[in-house]
Amino acid sequence: MVLRPVPEWPPQDALDPPRFSPILLPDLSGLADAVIVTAEYDPLRDQGETYAERLRRHGVNVTAIRVSGMVHGFLSSAFYISRAAEDTLRMVSSLIGSRLRE
C-alpha cells in the first residue's frame, strides 16, 4: 500500500475573498451576464440584491428575481419542492435559454 499526503482542502487560494465572495471584487466589469434569484425571507437576500446592483453599475447585464414568501434553500430542498420553486426554475431556464439562442 502506497500512502500519499492528503492535499490541502480547500486550497488556500479558494478562500481568497474575491473567489469566495465576488461581491468583494473592486471591478465587476467584464463578468458574464447573471441571473440572481433571492428569496424574500432569506438572510442572504440583501447581499444577493446588492451584488446584482453592483453588477449593473459595472455594466453587466443582470436579471434579479426576488421570490415572495420563500426562504433560503427553497430551490434545492430535498424534502419539499414548492410550486414557487418549480416556477422559478422554469423562469430561470427560459431566461438562460433565450440568452443562449441570441
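Points to keep in mind about this one:
- Subset of segment 62-73 (residues that are at pLDDT 95 or above and of a type outside the set (Val, Ile, Thr)): 64, 66
- Pairs with Cβ under 8 Å, 6+ apart, first in segment 38-63 and free of Cβ contacts under 8 Å to residues at least 24 places away in the same chain, second of a type in the set (Lys, Arg) and surrounded by 13 or more Cβ atoms within 10 Å (Cβ to Cβ): 45/66; 49/66
- Residue list for segment 58-74, filter: of a type outside the set (Val, Ile, Thr), touching a strand residue (DSSP E or B) at 6+ places or on another chain (Cβ under 7 Å) and within 16 Å of residue 34 (Cβ to Cβ): 64, 66
- Residues satisfying the stated conditions in segment 1-38, i.e. modelled with pLDDT under 90, not small (Gly, Ala, Ser) and not in a loop (DSSP other than H, G, I, E, B): 12, 13, 15, 17, 18, 19, 20, 22, 23, 24
The values are calculated or read from the model by the stated rules, or taken from the named source; none is laboratory data. For clarity, every value in this text was computed on a predicted model and none was experimentally measured. Using ideal geometry, Cβ is built from the backbone for each residue, glycine included, and neighbour counts are taken over all protein chains shown.
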